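J.: Pasting in a structure now, in structure tokens, and then I'll have a few things to ask.
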Amino acid sequence: MKKLLIICILIACLLFSGCVGNEDESTSETSEIGQVPDLIIKPSDVPGFTLDDYTFLAVSKSNSYEFGNSTTPYTDTLPSGTRNVGETSVWSDATEHKISCSIEKYDSDIGLTEYIDKEEEAASKSGHTYGTCTIGDICFYRYVEPYPGIIITWLSVITSNNELIRVTIVDENDKSLDEAIRIATIIEGRVLSD
């Protein structure tokens with residue numbers, strides 16, 4: 001049962017990976033060796049959780065970045081001739097609860113509304129509990145209880161600047177939706193203030 005839960009977490013993290021950041025190709029995204037990289041989510045935002053993994057995303061400076069386009073993942077130095085378009089971070093606590101946060105910044109809103117529509121259709125077909133919330137321009141969540149006491153929550157937010165924020169939480173309580181909204185609100189506030 002625990003192995004299946006870990007597989008679900010990994011699949012959710014892969015499905016919801018994304019990024020945003022500095023476009024200076026000579027700058028490293030990592031603050032110092034042994035330090036937490038300069039991510040949009042800080043350790044103080046997720047108390048009790050430690051960073052398991054992170055990835056930044058890049059695209060060619062000459063290409064427009066639209067939803068569904070491919071990216072180049074990197075962890076430290078922005079590849080030459082590219083620009084940063086997002087990041088994903090995965091956090092866990094001692095009890096194996098997981099939080100995955102991602103953000104991608106697109107050059108237009110092409111495909112973003114359709115993505116949310118497909119998420120809603122998938123949630124309806126799978127019998128997940130789902131709905132909308134009041135952050136961003138569009139916000140959609142769905143959650144499921146694959147095992148008694150274990151809740152997986154997926155939250156997607158589209159901002160006014162064509163950013164897609166995604167938060168996935170695997171937890172043992174019914175507060176995971178509130179936590180996903182809290183984290184997405186932090187991310188939205190930081191990207192809109194840049």
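The values are calculated or read from the model by the stated rules, or taken from the named source; none is laboratory data. These figures come from a predicted structure and were not determined experimentally. With ideal geometry, Cβ positions are generated from the backbone for all residues, glycine too; neighbour counts draw on all protein chains shown. Surface accessibility is based on the protein's heavy atoms, side chains included, excluding ligands, DNA and RNA. Shrake-Rupley method; radii C 1.70, N 1.55, O 1.52, S 1.80 Å.
J.: For the range 111-166, what are the residues that are of a type in the set (Val, Ile, Thr), in contact with a strand residue (DSSP E or B) (Cβ under 9 Å, 6 or more places away or on another chain), without any contact (Cβ under 8 Å) to a residue 24 or more places away in the chain and open to solvent by 60 Å² or more (accessible area, probe 1.4 Å)?
T.: Thr129, Thr132
J.: Under the condition of being assigned to a strand (DSSP E or B) and open to solvent by 40 Å² or more (accessible area, probe 1.4 Å), which residue from the range 61-99 is farthest from Leu164 (Cα to Cα)?
T.: Thr77
J.: Would you point out which residue out of Thr113, Thr134 is under 12 Å from Leu164 (Cβ atoms) and out of contact with any Cys (no Cβ under 7 Å at 6 or more places or on another chain)?
T.: Being under 12 Å from Leu164 (Cβ atoms) and out of contact with any Cys (no Cβ under 7 Å at 6 or more places or on another chain) holds for just one of Thr113, Thr134, which is Thr113.
Here's the yes/no breakdown for (1) at pLDDT below 95; (2) in contact with a helix residue (DSSP H, G or I) (Cβ under 9 Å, 6 or more places away or on another chain); (3) part of a helix (DSSP H, G or I); (4) of a type outside the set (Gly, Ala, Ser):
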| residue | (1), (2), (3), (4) |
| --- | --- |
| Phe140 | no, yes, no, yes |
| Thr153 | no, yes, no, yes |
| Ser160 | yes, yes, no, no |
| Ile169 | no, yes, no, yes |
| Ile181 | no, no, yes, yes |
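J.: Could you list, in sequence order, the residues of the range 80-115 that are of a type in the set (A, V, I, L, M, F, W, C) and at pLDDT 95 or above?
T.: Of everything in the range 80-115, those that are of a type in the set (A, V, I, L, M, F, W, C) and at pLDDT 95 or above turn out to be Val85, Val90, Trp91, Ile99, Cys101, Ile103, Ile110, Leu112.
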